[in-house]
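Participant: This is the structure I have questions about; it appears just below.
We did not get these values from a lab; they are worked out from the coordinates using the rules stated. These numbers were taken from a predicted model, which means no experiment stands behind them. FYI the Cβ positions are ideal-geometry reconstructions off the backbone, even for glycines, and counts take in every protein chain you see.
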Amino acid sequence: MHARKPARDDNEISPPASVPEVPEGTRAVLDGNEINRALTRIAHEVLERTKGGQDVTLLGIPSRGVPLAERLARRIERVEDLDVPAGSLDITMYRDDLRLAPARALGRTEIPAGGLDDRVVVLVDDVLFSGRTVRAALDALGDLGRPRAVQLAVLVDRGHRELPIRADYVGKNLPTSLRESVTVQLEESDGLDAVLLGPSPAATLKEGTRPGSLQRSKDTEGDL
Amino acid sequence: MPENQGTHLIRGARPLGDDPVDLLFENGRITAIGPDLPAPDGAEVVDATGLIALPGLVDLHTHLREPGREDAETVASGSRAAAMGGYTAVHAMANTDPVADTAGVVEQVWRLGQEAGYCDVRPVGAVTVGLAGERLSEIGAMADSAARVRVFSDDGVCVSDALLMRRALEYVKAFDGVIAQHAQEPRLTEGAQMNEGRVSDRLGLPGWPAVAEEAIIARDCLLAQHVGSRLHVCHVSTKGSVDIIRWAKERGCDVTAEVTPHHLILTDDLAESYDPVYKVNPPLRTAEDVQALREGLADGTIDIVATDHAPHPVEAKETEWSTAAMGMIGLETALGVVHRTMVETGLLTWAQVAERMSAAPARIGRVGGHGRELAVGEPANIVLYDPAAPVEVDAAAMAGKSGNTPFRGMSLPGRIIATFLRGVPTVLEGKIK
Amino acid sequence: MRHLLSAGDLDRDEATLILDTAGELAQVGDRSVKKLPTLRGRTVVNLFYEDSTRTRTSFELAAKRLSADVINFSAKGSSVSKGESLKDTALTLQAMGADGVVIRHGASGAPHRLANWVDGSVLNAGDGTHEHPTQALLDAFTMRERLGRLEGLRVAVVGDILHSRVARSNVLLLTTLGAHVTLVAPPTLLPVSVHTWPCEVSYDLDEVLPESDVVMMLRVQAERMHDSFFPSVREYSRNYGLDGERLSRMPEEAIVMHPGPMVRGMEISAEVADSPRCTVTEQVANGVSLRMAVLYLLLGGS
């Protein structure tokens, strides 16, 4: 990811990072600077709410929660000169919708040395939507240790909760319709920072798109 | 089947694939051949436009399973299947239970064939008592019996003892018999499951090496020549066997050989499915072997096509490969497979097909009245075949009792329309009478 | 991926996904709660026609760590030993609602047959002399853990190749993953068509050892001697057994593997078996993670 920076800086005709190229029908609701400001604010809030952040462990939920957790850790370190342990917590094996799609590849789980017992774990994710990911993360945490408290930080809260879950730290509240999709792009994984709002891919497809039905239609094709 | 020596006039059939003529059958014989024959009063006229007329086929290698395994096939069901395949005579192999090693058993099988009436059933006698390979069975008594046995075979098992094989070859000379050898060196094939080679090695199935067949054939050819007797080699399956038989014939050995339809078209890679419908003895071999067998059959090194029709009940095949029974049915598909592999490829004419599926097997088995020319005065044993009626093989629609055909789902180029046994239709309009 | 019948069915991406997944799941064994809820409500049947406590236990533990319900259906003491056909057994398991069947069978291809008769996923846990794909996967996993890579790795597989399902699966899988395999055995214990396999063949262990990053010793049954595969245990052991002296001639980083059970004094000396360069116990531990990965990838999705 560091190799990418100079390459982009050298290329002067490319548009500035804050004006990402967006797919048709999609618009940027947060640019890189806004994301940076939001994370900085969340870092301060974490320090405030955890009384100096001494016991905080940040756990990013793959994939984009992980670089967000790392950025938060760096910001806390800058502000308070405090080395906050940051790791990742993959929730794939705890999902409640595994049977709706073919088995997925697992993300990394890296619990920082020292474990989670008696820590204030701040889960970090990019978008808070139904709340099911967070529910899975809470289940996973229960199998990994016994934190003193668990908090949740998200870059975007887009609403439409299906479970009694709320975030402790929110970068931006973004009212959306269910026909829209929210995409977070991060420099670490996507080359630039942006939050995009666009039509949901599911809404643009006329027919059912469950993976199983794809398989079936392929089989039928063979029979014809 | 009711005794009905009715008169039949076959209109427009092509004898051995030649120009269309009419054929008249009366009292079991061919009484006239020519263009536009007048139909005698009461004659049943069969429109055979476009159909090829061949002498009724003769199978030298059929397993009818009766007595003992009537759940797989009976003489009656097997001879119905034979008629549906265009056969007018079949040789019932001796590996029944009890084994056909006495005059009593062969006469029983012969009589069951007579009663069924779909084709002439010629029992094969066992060479050794109980197929055990230890001492000769009462070969002479079987030859003298009502069944007039002339072909002797321990098929399913090889007469591997060289001395016993020599004695058998010598003994049958007294009544012009022939020993039909299942060539399989037993020690080299212990536990063997399929052709030994690339596929067996990958599938982890114990191999049946080609040499186990070839070594026995070479030995038997030398023995037969030494004692001046007739040897017939069952189901030749390898290129090396073809070479050895060609060599033996060149040096004057009185050897004949057969190839099965399945060895003319199927290869060992079918075992990759582990579906035991492809498990057979001798096993399916490689594409190179298939090519050599076709060439051997074309040039006369291999004299005949024989089905090795081997019915098995469903449970003997719906199992793991290694516990499944060996064998596949073939009576009803033989002519279609030969058409596809030998005629469509230009390797054989229809006249040569008649030689290899009728005349030559009748000669080897010393079967009177079969495999004759299509000529006035000859017995009216005839099959009418439509070479332009592709048919998809349906295992469930077989006339025999078992459905273990490896050709299921495969398209064959033609179909049997009628079979006449001494002027009487056993099959008409593609249906058993 | 619906079934796992042969290591040859896996392409490089699929095989790598299994190894990567196993790598993640290996952590579960170190946690306070050694269990994941992933396969809750799913039923896995261990259908073992051959005694193999080691493999069965490994699969059982893997399935249980994923919270599946596990039924052990061993040939002994069940209707199987009373002559019930594989097909009828399959239909029984089907009726019980088995989502996955792990089958160990003495007949090559039995898992392929079973896959025709059940709707659930079939996992080949060793069939006759055909294949043992999860063993090959855990071997590859162990190599990658120890040596950091598979691409370009030189792996010698030594012993009774002819009768070995482990060898067949390893040749297929390791080749797919970019390793170079050399089979070492007396000619009698090599398949006739081995020259068509995607690997090297040698009759000389001493020649291959210094060139190997991994030496995988296979079990050799002394009974093979009676079928004249080799003249005597002593002669076999002298030519193809791995002892301390031979171990010392292997590259420094090279490891010794064995799928177990080992026959000490036959193909491997006690000194080598107990050496830190021998990965036998790691292989066993990795087997659980690897089988969890396979169970998850086969049964975890739709």
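Participant: Using the Cα atoms as the points, what is the convex hull volume per residue of region B:56-365 in Å³?
Facilitator: 110 Å³
Participant: Going 7 Å from the Cα of residue A:81 in the Cα-to-Cβ direction, what parts of region A:47-70 have a backbone nitrogen less than 17 Å from that spot?
Facilitator: Label zone hits: A:52-54.
Participant: Would you mind listing how long the protein assembly as shown runs along its three principal axes, going by Cα atoms, in whole Å with the largest first?
Facilitator: 116, 73, 58
Participant: For a quick check, take a GNM of chain C with Cα springs below 10 Å and name the residue from C:100, C:120, C:29 with the largest mean-square fluctuation.
Facilitator: Looking only at C:100, C:120, C:29, the largest GNM fluctuation is found for C:29.
Participant: Here is a follow-up. Which value in nm describes the separation of the simple spin-label points at residue A:54 and residue C:71, placed 7 Å from the Cα toward the beta carbon?
Facilitator: If labels sit at residue A:54 and residue C:71, their model points lie 5.7 nm apart.
Participant: Pairs of Cα atoms under 8 Å, at least six residues apart: use those to get the relative contact order of region C:84-140, whole percent.
Facilitator: Worked out over region C:84-140, it gives 33 percent.
Participant: Using the number of other C-beta atoms within 10 angstrom as an exposure proxy, rank C:52, B:322 with the fewest first.
Facilitator: The fewest-first ordering by Cβ neighbours comes to C:52, B:322.
Participant: Taking 0.36 nm per residue of sequence separation and subtracting the Cα-Cα distance, how much length would be gained by fully extending the chain between residue B:41 and residue B:288, in nm to one decimal? Could the numbers behind the result be given before it?
Facilitator: On the way: separation 247, 0.36 × 247 = 88.92 nm, distance 5.56 nm.
Length gained between residue B:41 and residue B:288: 83.4 nm.
Participant: How big is region C:133-280 on each of its three principal axes, counting only the C-alpha atoms and giving the largest first in Å?
Facilitator: 41, 34, 27
Participant: Divide by every residue of chain C the summed helix terms, -39500 (n - 2.57) for each DSSP H run of at least 4, and state the resulting mean residue ellipticity at 222 nm, rounded to the nearest 500 deg cm²/dmol.
Facilitator: -11000 deg cm²/dmol
Participant: Give a quick list of GluC sites (Glu not before Pro) in region B:160-211 that DSSP marks as loop, anything other than H, G, I, E or B, with at most 16 other Cβ atoms within 10 Å.
Facilitator: B:190
Participant: Show me the chymotrypsin sites (Phe, Trp or Tyr not before Pro) within region B:78-135 that DSSP assigns to loop and that have at most 12 other Cβ atoms within 10 Å of their Cβ.
Facilitator: Counting only loop positions with at most 12 other Cβ atoms within 10 Å, none of the chymotrypsin sites (Phe, Trp or Tyr not before Pro) in region B:78-135 qualifies.
Participant: Let me ask something else about it. Place a point 7 Å from Cα of residue A:146 in the direction of its Cβ. Which residues in region C:18-55 have their backbone N less than 15 Å from it?
Facilitator: It comes to C:32-33, nothing else.
Participant: My understanding is that a pair violates if its Cα-Cα distance is over 18 Å; which of B:317/B:401; B:401/B:431; B:279/B:317; C:64/C:87; A:51/A:172; B:317/C:87 do that in this structure?
Facilitator: C:64/C:87; A:51/A:172
Participant: May I ask you to list the GluC sites (Glu not before Pro) in region C:217-251 that are in a DSSP loop and have at most 13 other Cβ atoms within 10 Å of their Cβ? Intermediate values should be presented prior to the final figure.
Facilitator: On the way: sites: C:223, C:235, C:245; in loops: none.
Here no loop site has a sparse enough neighbourhood.
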